[in-house]
1. If amide H atoms are built 1.01 Å from N in the plane of the peptide, which residues on other chains or at least 5 residues away come under 5 Å of the amide H of Gly357?
2. Counting other beta carbons within 10 Å of each residue's own, what order do Phe648, Phe399 fall into, fewest first?
3. Is the shape of region 249-403 rounded, prolate or oblate, going by the alpha carbon gyration tensor and its root eigenvalues a ≥ b ≥ c, with a/c under 1.5 for rounded and a/b larger than b/c for prolate?
4. In terms of Cα to Cα distance under 25 Å, which lysines are near enough to Lys293, apart from those fewer than 8 places away along the same chain?
5. State, to one decimal in nm, how far the label point of Gln560 lies from the label point of Lys140, with both points 7 Å from Cα in the Cβ direction.
6. Can you tell me which of 38-48, 557-567, 601-611, 635-645 comes out highest on packing, and rank the rest after it, using the mean Cβ neighbours within 10 Å?
7. Just the Cα atoms of the chain, one point each, no solvent: what log10 I(q)/I(0) does Debye give at q = 0.07, 0.11, 0.12 Å⁻¹?
8. Listing Ser590, Ser425 from the residue with the fewest other Cβ atoms within 10 Å to the one with the most, what is the order?
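What follows is calculated from the coordinates using simple rules that are stated; it is not laboratory data. This is a predicted model, so every value here is computed, not measured. All Cβ positions, even for glycine, are placed from backbone atoms using ideal geometry, and neighbour counts span all protein chains on display.
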Amino acid sequence: MAVILPLLLLCHPVLQQSDPLAGQLPKRDLGVDRFLAEFPDYDGRGVRVAVLDTGIDPGHPFLQRTPDGRRKIVDWYDATTDGRVDTSLRAEPVDGALIGLSGRRLVLGGRAGADEYRLGRIDADFLPAELRHRILAERKEEWEKGRREWQEAKVRRQHDFGDAEPANLRQQEIAARWQEFRDPGPVWDLVALRRGEEWRVVIDADEDGDLDEERELRSFRASGDWAVLGDEALLNYAAEVRADGDETVLFFDTNGHGTHVAGIIGAWQGEGGRLNGVAPGVEFVAIKIGDGKFGASTSGFAIAKALDYAVEAGCDVANISFGGPSFFADGREPDAWIIEEATRRGLAVVTSAGNEGPTLTTVGAPATSRAAFAIAAAVWPDTQKANYAALRPVGPVLFDFSSRGPLPTGALGVSFTAPGAALSSLPSWRITPAENFNGTSMAAPQATGCIALLISGARAEGVAAGPERIRRALRLTAEPLPGASWVEQGHGAIRVLPAFAALRSLAEEGREEVVWEVEADNPFGTGAGIYLRDLPAPTPFERAVRIAPRFPEEASHAEQAAFLRTFRLEADQPWIQVPEAVYATAGGRSFPVTIDPTGFEPGLHVGRILLWDADRPATAGPEIVVPVTIVVPFATEAADGHRLVRSFRLEPEAPHQAMAVGG
């Protein structure tokens, strides 16, 4: 939701247009390379991105600086309990040393003279699970080596002494040591010390009791300080002391997912580096929502705290490459409300659509929020060749795992499609600088990077670019993938250069974007589209669709009273009939839709109803898009033993096969 490339990653010849390795971390597929070639200063600079994930490695070499030399990770916030260390115990030095919670004598050296000392301790259970298992496995391997040497020595002694070998206590102690492996792993002492109003943190990383040789960390937000937790663990961490010294929080990536996502968004390997991110000029606010104590899973409470922090920290975009099943999938989940509120406050929230495909209606929360940019995952030929050694690349094609829409209530579910595989950065404790991962978790940061580029350029040119205007610009210019329906790919693959042109055009027009509520009755609830999976009969039927503007809380009654929009309607499929026009006031308006499934073959049938603002130019695109999804199943009967036999050609994508089992 992976091949080790060693020192090769540390060199970066200038990327040529014909470079067969261009797909390692894709930047051609969405036109990022062309955008940066035309606008090199719009590389994400001036844009702050919140990465809500498992954390970001504060010491990764690709995540240290932006192309113009600014600090890359400017803030860290842990919305979980993962990095908390109790430092409530006060201690006084004696003869220039403290007695740590490990029992070791901690020599202060240059750390002496602080106004206050607090003691803490971390051990192997504090570490990311994968790192803990590696360390214990390495220690057991060393123990096995020692045990073999002891056994060989024992055989030699028996050969020399026979049964007359003298017994002694020392030999018995050594024998007991090699009978059973017992090692709790490393134990590190942590000391929080205060000088005046400033708290600092020092950890005895090599477990030798000498604090003078260890790095003293200031607040990460203020300083960017980080250190390495021992040569064995190689865990890069930063620190923050809270609650007047009673608690210290250590910041680190708990499994590598967040560092990989951040690398896709905005890594800077160097000029021409293949592993540069989409928007290398961005600044990051690392926000941990994946709690290592619970398998890196998250909660709605953590996401709520994280998004609130992102807004308060001045972020422009938030990436959430996390998700899970949605009970309602209709925008009523707390996650959906939280994302809508963050969007209202100016934050563009990008989410992964989910990895539960290729079945229809598998988009998970929080991507089910109307306000989220929910991103599906596809793979382009460059990446197939560079990361999967494909001899006959195809595509671009959606990954089979990419979750598909529509939502049960008829809404599209997926907003856009982006590359869903990349060779990107991993934390140092994974013992590799980068690996190839795939998933919608990798597609979302591609979209996040593109949005950061758009905001960077818009800000430089004084162009207004809020979340809804960006959404419209992306929708206007997205390129549909051949062979995939709207409910599978959303509006299509992002194209960043045309989207920037559209953003400029929309800004010149100067109209505020209106958020529309769309309601249509469906068997699984009311939502923003029409969705039927089991038609009672293949005959024409009618549905009513209601549209209504959603006004901001501060909108006055006068503004609402003056609101009037007139739309021209069209359908992009002949089996959908709509009126030629409809108007809407602040109270909303309904219109009828007739759908004629006569003659439909079994399978998936998708169309769209497009509402064009009659008073805006055609270049502004449709104001409202209402998806219509009809699934006609293959029917089986008891008389036939519920057998279905078909022959068809398997293409490099997953065909949809729906079945209705008769009585």
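1. For Gly357, the qualifying residues are Ser402, Ser403, Arg404.
2. Values: Phe648 7, Phe399 23.
The most exposed by this proxy come first: Phe648, Phe399.
3. Values: a/c = 1.77, a/b = 1.22, b/c = 1.45.
Judged from the Cα gyration tensor, region 249-403 comes out oblate (a/c at least 1.5, b/c at or above a/b).
4. Lys140, Lys305
5. Placing both labels 7 Å along Cα→Cβ, they lie 6.6 nm apart.
6. Numbers: 38-48: 20.0, 557-567: 13.0, 601-611: 18.4, 635-645: 10.3.
Peptide ranking by packing, descending: 38-48, 601-611, 557-567, 635-645.
7. -0.54, -1.10, -1.23
8. Details: Ser590 13, Ser425 31.
Ascending Cβ contact count within 10 Å gives the list Ser590, Ser425.
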